[in-house]
Each structure stands twice: as C-alpha cells, then as structure tokens.
Amino acid sequence: MRLCDMAAAFATPGRGPNAPSGLDRCRLHAKRFDMKPIEGPLNRVAQSVDGAQMLAQVERWAGINSGTGNLDGLREVAGELSDAFAALPGEITLEEPAPVTQVNAGGQEVEVEYGKHLVCSVRPEAERRFILTGHMDTVFPANHPFQSLTWLDDEVLNGPGTADMKGGIAVMLHALKALEGLSAWEKVGYDVMINADEETGSLSSAPLIERLAKGKYAALTYEPAATPEGTLAHARGGSGNYSLTVKGKSAHAGRNPREGRNAIVAAATLAVRLKELQRDDISVNPARIEGGAANNVVPDHAVLRFNIRPKEPAAADWFASEMNALLGEVRQAHEVDIHVHGGITRPPKPVDRRAQKLFDIVRECGAQLGQDIDWQSTGGVCDGNNIAATGVPVVDTMGVRGGKIHSPDEFMIAPSLVERAQLSTLVLHRLATGDAL
C-alpha cells in the first residue's frame, strides 16, 4: 500500500495493531516516533493534521520544476502556493525581487532576473508576531535530468525539492492551519515569507527578509532537518561570495611581452594569497578563474571567484581588512586594476541565550510527541542566518526529515510531514501562550 493511502491513518490518534506496520517506523536511518496524547484542546489540533493532503501537495509542487533561474516554473509554483496559503486568514502578496547584479566572464556587471517572493501576512496589528520562512526554488534547472518522483519504498519519496524544501512548506502551512482552530492563536500574528532565490543566496529577497523579521518575537524556518533522524542545525557559520575583476594590458607574447600586464597571473597570485588567509575561524575557497585570450596574447582581463565561510563576525571583519591590504599589494606589484564585487551574504549565526531557549522549547515539545530532538552546529547557511542577524531567535531546520539534498538522490521521509507539522503546532502554541523567551 502506498503512503498516500496510509497517511490519513498515520495522522489519526490511537494507532493500534491493525495500523500498517510501515507507519510505526522510519526505515531509512530514522528513529521511532510514537505520538503521545497531549492534554487539552491542543491534542485535537495536533491530531487534525491531514497527512494525505500534505503529501498530495508536496507531490504536486515537486512535480513542477522551480530551479532558481526557471522564472516560468517559479511563477507556476507561486500560483500553487498562493492558492494553498489562501486557507489562512491573511493577505497574500507576491513581492518584486530587489535588484541584483553579477559579474560575467568578461568582467562586466550585469543584472540578474529572479522570481517574485510570496508573503502571507496574518493579523499585522497583533502585539506578538512571528515570522515563518521557506523557499520555493530548487537547485535543479529546467534542463536538469532530475525531474520526476519515485517511491523508494512505502515511506521514502525521491524527487527534486521534496525535502529541500517543498515538504517543509507543507509542514509550515498545515501547522498554521491547525493552529487557526485555537482561540488562543487568534491573539498573535505572523508573516509567512517564501522566497524564490534561497538556493543562490537570497540576494533579491534579503531586504524583504530583514524587513519582515525585525521586531518579531521568534522565527521558524523550514529547511529540512540536518539528518534523516531529525537533528536540528544549531549555530551556523556565515558565507560570502566575491568576484574580483582584474584588468591588465594586452601585448604580443613574443614581440613585446614586457609591455603587457598579465591579468591571469595577477588573478592566480590573488587566489594563492587569499587561500593563505584561511585559518581556524574562516575558510577561503578560490573556485574559478575566467578570462584570458589566445596563447600568443598577454591576457588583459580575468575574473577570480571565491567563497569565504567565517564562523564569527570578527573573522569576517578581519578577512575584509586583510583582503583590502592584499589587493593593494597585487595592484602595485602587477600594475593592474582590480574591482571587487560581492561580500558577506549570510552573516554568521551564533546561538545566544534567547535562541538557545527556543531550541530548548523545540526539544521539550518534541518530547511531548515522543520525538527525540537533538542539534548540531553546521557550516551550511540559509535564511536563518539573515533572520538571526536582525536579533530575532530562530530555529531554521523545522522541515521534513530526509537527505541527499542538492542531488538526484534527494529524498523525503514522508511520515515526517505529519510529525514535523505536529511539532511546529506545539512549538508555536507554546510561544503564543507564554513568556517563553
């Protein structure tokens, strides 16, 4: 029996001996999750999560290619999501992306097109408000061969974006739908933001994230769990992407090479010297050098692209100072011009006292549901980094359990749709009804 037939049974209370055995375990590197009864009306609300509907939505959404650069696909998914989130009592808008540029292989700065970002605002006048975020884009472009869904067994669905993060969007939506049935929830408000560019750094949605996050009581982001067992990502490092455009002077490589200024050599020098700046609290990854000309021409242009991963804000500041000094040295030694494009796009995300309290609440709510919640630090980044930079406590891996994201082997453990929606329901109710933070 397929999970689409079993999900409703999973979402109902009192799974007895007649329930399908596949629902009593998660087969792929997962722990057992037994739903414990919760006192009061919250038990009814948590048990009302509709697993069959969630799964059907994920299958439909994941069946639409929405690679970050596929604007037509993103428009289609945005329409689907707008219809789905219309079940909430809020205003839905599609926000224009902020202008973004990048440096092409020739060293020219060009504008990049992005899709619109969905926002659902509910009770904006409420005193206590939350922000919940997700993304509709995937890493798989329209011409990528990974386009279809495959059931690996009764519980594991392989498909583009199933875990990262169309499953997480369903978790978010159905937790909110369940909570709207509680009178206590009517006293709080929230903004849902689902952007179209997370997989490329949220460059066109960063101002929107910052605006919506400021002043919020707490935030939840629905990236997939860090492991198939459901582990949360704790502290995160930051990330910065740079393009250095080097302009030299062309000359004949045989007749007058000394009159040239070799941009490739200058870029290569920068790559080596930048790598030497790496230390324990910051990694530096020179990734690509583009440019050059025919073998008998001294190249007059090159573009060096690199990424840095600072663990703390101080490391990012130190690197900026060292890089600027290095650029001055290379300009002088190689007699070239160097233009810097880019910078830190995801600030480091340390876990302060309030953020740790939020993690503790998630763990406590998980225990109520029979879910063993743990966490670990990671070098990966997401929109949680941007939210934390505004001072708002955030847990950013509240989505489904799964794995092998960003590859054709990406999978979602389908019973976790209901599990994680129930977890969010309890966490948000706790945040709404007490002075938890």
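The values are calculated or read from the model by the stated rules, or taken from the named source; none is laboratory data. Not measured: the values here are computed from a predicted model. Note: ideal-geometry Cβ built from the backbone for every residue, glycine included; neighbour counts use all protein chains shown. What goes into the accessible areas is simple: the full protein's heavy atoms, side chains included, and nothing from ligands, DNA or RNA. Shrake-Rupley method; radii C 1.70, N 1.55, O 1.52, S 1.80 Å.
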### Message
Residues that are of a type in the set (Asp, Glu) and surrounded by fewer than 17 Cβ atoms within 10 Å (Cβ to Cβ): does the range 44-57 have at least one?
### Response
no
### Task
Can you work out which of the residues in the range 200-232 that are open to solvent by 40 Å² or more (accessible area, probe 1.4 Å) and part of a helix (DSSP H, G or I) is nearest to residue 69 (Cα to Cα)?
200
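Looking for whichever is within 30 Å of residue 153 (Cα to Cα), in contact with a strand residue (DSSP E or B) (Cβ under 8 Å, 6 or more places away or on another chain) and surrounded by fewer than 23 Cβ atoms within 10 Å (Cβ to Cβ) here; the options are 396, 374. Which one fits?
Details: 396 fails: surrounded by fewer than 23 Cβ atoms within 10 Å (Cβ to Cβ).
Result of the check over 396, 374: 374.
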### Query
How many residues are more than 15 Å from residue 209 (Cβ to Cβ), surrounded by 20 or more Cβ atoms within 10 Å (Cβ to Cβ) and of a type outside the set (Gly, Ala, Ser) when one looks only at the range 344-361?
3
### Task
Could you grab me the full set of residues in the range 251-272 that are of a type outside the set (A, V, I, L, M, F, W, C) and buried (at least 17 other Cβ atoms within 10 Å of the Cβ)?
260, 261, 262, 269
### Query
If you check residue 305 against the conditions, is it out of contact with any helix residue (DSSP H, G or I) (no Cβ under 8 Å at 6 or more places or on another chain), under 30 Å from residue 429 (Cα atoms) and not hydroxyl-bearing (Ser, Thr, Tyr)?
no
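If we scan the range 265-283, do we find a residue that is part of a strand (DSSP E or B) and either in contact with a Pro (Cβ under 9 Å, 6 or more places away or on another chain) or closer than 25 Å to residue 102 by Cα (or both)?
Start the filter on the range 265-283 by keeping residues that are part of a strand (DSSP E or B), which leaves 279, 282-283.
Filter once more, keeping what is either in contact with a Pro (Cβ under 9 Å, 6 or more places away or on another chain) or closer than 25 Å to residue 102 by Cα (or both): 282-283.
Checking the range 265-283: at least one residue is part of a strand (DSSP E or B) and either in contact with a Pro (Cβ under 9 Å, 6 or more places away or on another chain) or closer than 25 Å to residue 102 by Cα (or both).
Tell me, please, whether a residue that is open to solvent by 20 Å² or more (accessible area, probe 1.4 Å) and assigned to a strand (DSSP E or B) can be found in the range 182-199. Reasoning before the result, please.
Of all residues in the range 182-199, those open to solvent by 20 Å² or more (accessible area, probe 1.4 Å) come to 183-184, 186-187, 199.
From what's left, assigned to a strand (DSSP E or B): none.
Within the range 182-199, none of the residues are open to solvent by 20 Å² or more (accessible area, probe 1.4 Å) and assigned to a strand (DSSP E or B).
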### Query
Inside the range 125-137, can you point out the residues that are touching an Asp or Glu at 6+ places or on another chain (Cβ under 8 Å) and open to solvent by 10 Å² or more (accessible area, probe 1.4 Å)?
129
### Summary
Within the range 103-118, residues surrounded by 16 or more Cβ atoms within 10 Å (Cβ to Cβ) and farther than 21 Å from residue 178 by Cβ come out as 103, 107, 114, 115, 116, 117
